[in-house]
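**Student:** Can you keep this structure in mind? I'll have questions shortly.
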Amino acid sequence: MPQKKSLQFFALLLTISLTLFTISNAATTITQKFKEAPQFYNSPDCPSVSDVKDDPDSPSSLEEYDEPIFCSDEAVHVAMTLDTAYIRGSMAAVLSVLQHSSCPQNIAFHFVASATKTNITYLRATISSSFPYLKFRVYSFDDSSVSGLISTSIRSALDCPLNYARSYLANLLPLCVRRVVYLDSDLVLVDDITKLAETDLGNNSVLAAPEYCNANFTSYFTPSFWSNPSLSLTFANRKACYFNTGVMVIDLDRWRGGDYTTKIEEWMELQKRMRIYELGSLPPFLLVFAGNIVPVDHRWNQHGLGGDNFRGLCRDLHPGPVSLLHWSGKGKPWARLDANRPCPLDALWAPYDLLQTPFVLDS
C-alpha cells in the first residue's frame, strides 16, 4: 500500500512539473518583447505605388484592400512565414530588408501564419508594435491542408506544416499579386531587395533562385528513387542542380497557370507510399523545378550558415560578394547568441536583432 501511494505521489509531482514546464515555455515565447524599429523613407526617384488599376474579375481586387500597394506591380512583394518559434528571426529579416532598400515604403509584406486566432492576433500585434508604419497583411494557413501529406524527415523542424506554406503562396496571396520574393525567417539582407525582385524570369520560367551545381544532387533522393527508371527519368533532358528554397523569386501568374501546387502535392503523395527523399519541403521543389529555373547570383543566398541538419556547426562564407546571409541548417544565430556560444558570423545577424532584453534603458 505505501508503495502504491508513493507511485501516485511521484505521478502527481511529474504531472505538476510537466505542466509548469509547459506554462514556462509558453510564457517565454509569448512574452518576448521587441523594440520599435526606425522608420525608413523612399529616395526621391522611387516609383509611385498609388496608381493601381483594379481588376473587377479578381475576387481579391482593390475593394478588399484599403491600400493600393497590395495590388501594385510597382511594389516589391515579399512573402514570409510567421510563427512564435521563429518570430525573432522574422523581425530581424524584415528590418534588414527595410534598412537596405532604396524604396522601403514600396515594399508590401505578405506573412503566412498557422490558422489559429490567438496565434495570428499575437503575431500581427508583434509586427505592428515594432513596425507601426509597415505595409503588411497576415494570411491564415490551414495546417490540416498539408499535414496529411507530410512525411517524417531527418530533422523534426522540417516537418512543421508551415514549412510547406511556400508551396501554397499562389493560393493564399491575392490574385493581383503577380510576382513575389519568398524569404525564410533565418536570414538578413545587406543589399537592396529591389535588385533581387527585378530578376528577369524570361518568357516561361516560373521561379528564380541561386543554383549550386557543384552540390551532389543525387544525395537529395534515396537509392529507391534512382533505381526506379520511371522516377529517375524525371530529370531526363534537364540539367538539374540543387537550389535552396529559402530565397526565391516566383511568378505567381505562371505558377497558377501551371498548377504547380498540385504537381508538388503529387510528389508528396508518392513519398507517403514509397520513400524517395529524406528532406522536408525541398525535394518536391527540386522534382518539379530543378533544371528549369532562372539562376540568380550566389551573392543572394549565402546559405548554410546554420551548419548541417545534425550538429549545426559553425561555417564560413562561400567565396564571393554577399547580398544575403542565410542561417539555413540546425543552428540559428539568436539561439547561439543566447547560449553564449555564437559562431563568428552570428555577429553579422546581431545588429538586426530587435529583441527587447531586460535591464536595457532607452537612450
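The values are calculated or read from the model by the stated rules, or taken from the named source; none is laboratory data. Given the structure is predicted, the values throughout are model-derived calculations rather than measurements. To get the accessible areas, we keep the full protein, side chains included, count just its heavy atoms, and leave off ligands, DNA and RNA. Shrake-Rupley method; radii C 1.70, N 1.55, O 1.52, S 1.80 Å.
**Student:** Just the accessible area for S90, please: 1.4 Å probe, Å², rounded to the nearest 10?
**Tutor:** Looks like 0 Å² after rounding.
**Student:** Another question, then. I want to verify the translational diffusion coefficient of region 164-211 in µm²/s; compute it with Stokes-Einstein, Rh as the Kirkwood radius over Cα pairs, at 25 °C and 0.890 mPa s.
**Tutor:** The diffusion coefficient I find is 194 µm²/s.
**Student:** Moving on. Largest first, please: the extent of the C-alpha atoms of region 221-306 along each principal axis, to the nearest Å.
**Tutor:** 36, 33, 25
**Student:** Starting from the coordinates of the alpha-carbon atoms of region 125-206, obtain the Kirkwood hydrodynamic radius over all distinct pairs and give the value in Å to one decimal.
**Tutor:** 15.8 Å
**Student:** OK, next. Kindly flag which residue pairs out of K117/K195; K35/K330; K35/K117; K117/K330; K195/K272; K272/K330 have an alpha-carbon separation exceeding 32 Å in this structure.
**Tutor:** Table pairs above 32 Å Cα-Cα are K117/K195; K195/K272.
**Student:** Oh, and also: Keeping every protein chain in place, order R315, R299 by accessible area at 1.4 Å, biggest value first, i.e. largest first.
**Tutor:** On the way: R315 115, R299 75 Å².
So, going from the largest accessible area down, we get R315, R299.
**Student:** Now a separate question. Given a 1.4 angstrom probe, I'd like the percentage of the accessible area of region 74-121 that is carbon and sulfur, rounded to a whole number. Mind dumping the intermediate values first?
**Tutor:** Numbers: 660 of 1300 Å².
Of the solvent-accessible surface of region 74-121, carbon and sulfur hold 51 percent.
**Student:** For region 67-185, what's the relative contact order in percent, using C-alpha pairs closer than 8 Å and at least 6 residues apart?
**Tutor:** Values: 152 pairs, mean separation 45.5, N = 119.
After rounding, I find 38 percent.
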